[in-house]
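Written below as structure tokens is the structure these notes are about.
The values are calculated or read from the model by the stated rules, or taken from the named source; none is laboratory data. These numbers come from a predicted model, not from an experiment. Cβ atoms come from the backbone with ideal geometry, glycine included; neighbour counts cover every protein chain shown.
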């Protein structure tokens with residue numbers, strides 16, 4: 001029986017989406033492919049992409065001091081990465097379908113490595129060129145973001161190809177768990193590196209991880225592509241989407257500095273709204289749009305994207321505010337601030353493992369609901385548990401009603417919403433914190449002793465409550481998903497999945 005099955009696989013050409021549910025080995029021509037080795041290879045890149053979203057948080061004070069920059073400009077070290085990451089996710093996912101997923105994954109790892117090396121050498125580049133080192137750092141962070149944009153959706157697309165349908169849930173669970181661990185352990189790893197060496201090492205540590213990921217990808221990841229996908233690129237859609245995100249984030253970041261009612265800020269908000277309208281119009285009339293708006297007809301897809309947007313705001317923004325609170329308000333060292341975040345990381349790791357074990361018994365919508373509830377009400381262990389549950393369940397829930405032929409685009413849209421949430425989280429909460437500190441600044445200067453810290457602590461508390469409020473709205477969105485979500489019936493199951501079931 002096993003020999004016959006192997007001979008059948010060897011004679012069957014590999015095609016995108018063709019998996020064999022009865023075996024853990026997939027044949028590409030005469031070469032065996034073991035899905036779990038493929039998963040291990042692609043997770044190296046995905047882990048780095050998520051890790052570099054949060055590893056920076058703990059290093060912000062050191063970078064701000066070392067490069068003599070203000071908080072608002074330093075926040076662009078985070079935003080440049082997240083913005084490029086978010087804007088290019090869908091486009092890179094489409095390139096992967098057109099030109100080969102393995103090829104795009106390798107290119108993404110190389111770009112990410114070059115960006116990491118450039119970030120570590122930003123001060124040297126500044127001395128040689130005479131340009132501000134902060135400008136070099138932001139530019140290389142943007143290059144990192146371009147690489148990261150290929151690591152997330154392409155890794156998910158490869159998993160959807162090599163894993164049979166009944167094992168995809170477990171694979172995506174591991175993918176989500178790794179993402180949760182990367183997000184949670186980022187500040188801890190960053191704190192150790194900054195305290196033991198300096199902030200440059202948070203970038204240098206990426207290089208050996210990238211090297212291992214590249215080698216494993218070359219050895220174990222098969223080349224896959226969808227030959228039916230057109231090579232047309234929706235340039236108008238890409239430009240209008242980029243403009244909308246850029247204008248919105250810039251307006252939020254500079255609102256306190258320029259004034260919320262100033263002409264530049266109002267113009268940026270107006271440009272963001274206009275770009276969104278143009279983007280929708282372009283996508284409706286495009287024959288091959290970069291984003292298929294029909295995907296949003298599925299409530300699980302739309303609701304989950306709203307939830308992950310709010311989750312990104314609460315997680316990324318609140319983590320940054322926590323680091324600033326520990327270091328600036330309480331006087332912790334960066335390493336001690338990282339230690340203070342260990343309960344969140346450990347709880348996220350444990351919750352991810354438990355969620356993987358329970359994935360066959362508990363629906364993704366219920367896991368998502370529990371995760372957002374814990375993030376909304378929790379600190380320490382509770383918040384970490386919520387991160388683990390949310391990272392495990394949100395990707396599964398988002399793609400549950402997306403046709404197989406559109407899974408690449410669907411995963412790109414999902415990760416785009418997640419990254420936009422992270423960008424907005426940093427921008428919004430930094431703006432809220434800055435506004436609160438400005439409001440209480442005179443009182444802080446006039447008060448002596450311990451009372452001098454009270455207005456500052458109040459500012460951090462208000463900002464943290466705002467992040468919790470975003471998580472509460474995310475919980476409401478998750479609740480609506482759990483009420484309205486309807487799994488696909490056998491008749492609605494995509495054809496290639498039905499064949500391989």
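Here are the numbers for this structure:
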quantity	calculated
Residues of the stretch 48-94 classified as in contact with a helix residue (DSSP H, G or I) (Cβ under 8 Å, 6 or more places away or on another chain) and without any contact (Cβ under 8 Å) to a residue 24 or more places away in the chain, total	2
Single match in 143, 151, 111, 104 (criterion: outside any loop (DSSP other than H, G, I, E, B), within 20 Å of residue 315 (Cβ to Cβ) and touching a helix residue (DSSP H, G or I) at 6+ places or on another chain (Cβ under 9 Å))	151
Test for residue 63: is it crowded, with 21+ Cβ neighbours inside 10 Å and either assigned by TED's automatic domain parsing to the domain that holds residue 186 or not in a helix (DSSP H, G or I) (or both)	yes
Residue satisfying condition, being at negative phi, at pLDDT 80 or above and not in a helix (DSSP H, G or I), within set 275, 267, 261	261
Failed item in (1) modelled with pLDDT of 85 or more; (2) closer than 24 Å to residue 412 by Cβ, with residue 18 passing the rest	(1)
Among the residues listed as 469, 475, the single one being surrounded by fewer than 15 Cβ atoms within 10 Å (Cβ to Cβ), at pLDDT 80 or above and in the same structural domain as residue 311 (by TED's automatic domain parsing)	469
Counted residues, the stretch 169-226 - those being in contact with a strand residue (DSSP E or B) (Cβ under 8 Å, 6 or more places away or on another chain) and outside any loop (DSSP other than H, G, I, E, B)	1
Residue within the stretch 222-240 that is at pLDDT 85 or above, farther than 19 Å from residue 412 by Cα and buried (at least 23 other Cβ atoms within 10 Å of the Cβ) present	no
